[in-house]
Amino acid sequence: DTAVSQTPKYLVTQMGNDKSIKCEQNLGHDTMYWYKQDSKKFLKIMFSYNNKELIINETVPNRFSPKSPDKAHLNLHINSLELGDSAVYFCASSHEANYGYTFGSGTRLTVV
Amino acid sequence: QKEVEQNSGPLSVPEGAIASLNCTYSDRGSQSFFWYRQYSGKSPELIMFIYSNGDKEDGRFTAQLNKASQYVSLLIRDSQPSDSATYLCAPDFGNEKLTFGTGTRLTIIP
């Protein structure tokens, strides 16, 4: 009964490859997010969707493209991976931001 | 740019003592404040939230909010080794997202 599930948990890939991370929540939340946590543990928002509509698109390279087929799913596709993309990517969901988030378990992406 | 500041630590506290974690934020209009705990290699977990000035207690945890001073803190009483983690402060600046501090790494010494 995982509330927010992400796959895969680990991803090791070579520079230049394209990869996707998937996220699903069964909490009935309207809003989903992608956050990136760097090696210094700083959590920075990338995107958020509310009921399939993009509402936040921070300064993120165009190589990153989110997609939300329905309000329970939010995927992240990354083209032409670079070394600097190595990080832990967290999906999260919430009823609204001021209710707090529930995070997925994270995807540790390593680009070699 | 709205900001959240936390002392990165590490903060070392003896077992059984009170751990005090502090956070300051830049936006006077903030209404909601969240504390997350993150164990090494795990995802952040919501442990406390506070909306009003004053104290809010939940078990061994107390959140304290002072909006005039733009300051929120988390007290952990009777600290246990299992409390060793990074604690993230996250105000809601009303811009449809949470902005996280860099976190304070807490170590409880047996």
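Entry note, chain A: relative contact order of 37 percent, from Cα contacts under 8 Å with a spacing of 6+ residues.
So if I place +1 on the C-beta of Lys and Arg and -1 on the C-beta of Asp and Glu, and nothing else carries charge, what would the dipole magnitude of chain B be about its Cα centre? I want it in debye, nearest 20.
100
GNM, chain A, Cα, under 10 Å: largest mean-square fluctuation among A:TYR101, A:TYR33, A:TYR49? Largest GNM mean-square fluctuation: A:TYR101. When only alpha carbons of segment B:39-110 are considered, Rg and Dmax amount to 13.0, 41 Å.
Each of A:ASN79 and A:SER65 was given a label point 7 Å from its Cα along the Cα-to-Cβ line. The distance between the two points is 0.6 nm.
Over segment B:50-110, Cα pairs under 8 Å with separation of 6+ residues give a relative contact order of 24 percent. Across A:THR102, A:THR59, A:THR13, mean-square fluctuation computed from a Gaussian network of chain A (C-alpha pairs under 10 Å connected) peaks at A:THR59.
Need the list of lysines near A:LYS22 for cross-linking: C-alpha distance under 27 angstrom, and skip anything on the same chain fewer than eight residues off. Counting by Cα, and skipping residues close in sequence, A:LYS22 has these lysines nearby: A:LYS9, A:LYS36, A:LYS40, A:LYS41, A:LYS44, A:LYS52, A:LYS67, A:LYS71, B:LYS42, B:LYS97. Among A:ILE55, A:ILE21, A:ILE45, the largest mean-square fluctuation in a Gaussian network model of chain A (Cα springs under 10 Å) belongs to A:ILE55.
For the protein assembly as shown, the Kirkwood estimate of hydrodynamic radius, built from reciprocal distances between every pair of different alpha carbons, is 18.0 Å. Evaluated at q = 0.31 Å⁻¹, a Debye calculation over the C-alpha positions of segment B:18-63 (equal weights, vacuum) places log10 I(q)/I(0) at -1.32. Taking Cβ atoms as reference points and 15 Å as the exclusive limit, the residues near A:THR110 contribute a net charge of +1, counting Lys and Arg as +1 and Asp and Glu as -1. Computed on chain B, with alpha-carbon pairs under 8 angstrom and 6+ residues apart, the relative contact order is 38 percent.
Computed from the Cα positions only, the extents of chain A along the three principal axes stand at 37, 27, 26 Å, in decreasing order.
Any read-out appearing in this document is the output of simple, stated calculations on the displayed coordinates, not a laboratory observation. The model shown is predicted, which means the values in this text are computed figures rather than measured ones. Positions of Cβ are generated from backbone atoms using ideal geometry, with glycine treated the same way; all protein chains shown enter the neighbour counts.
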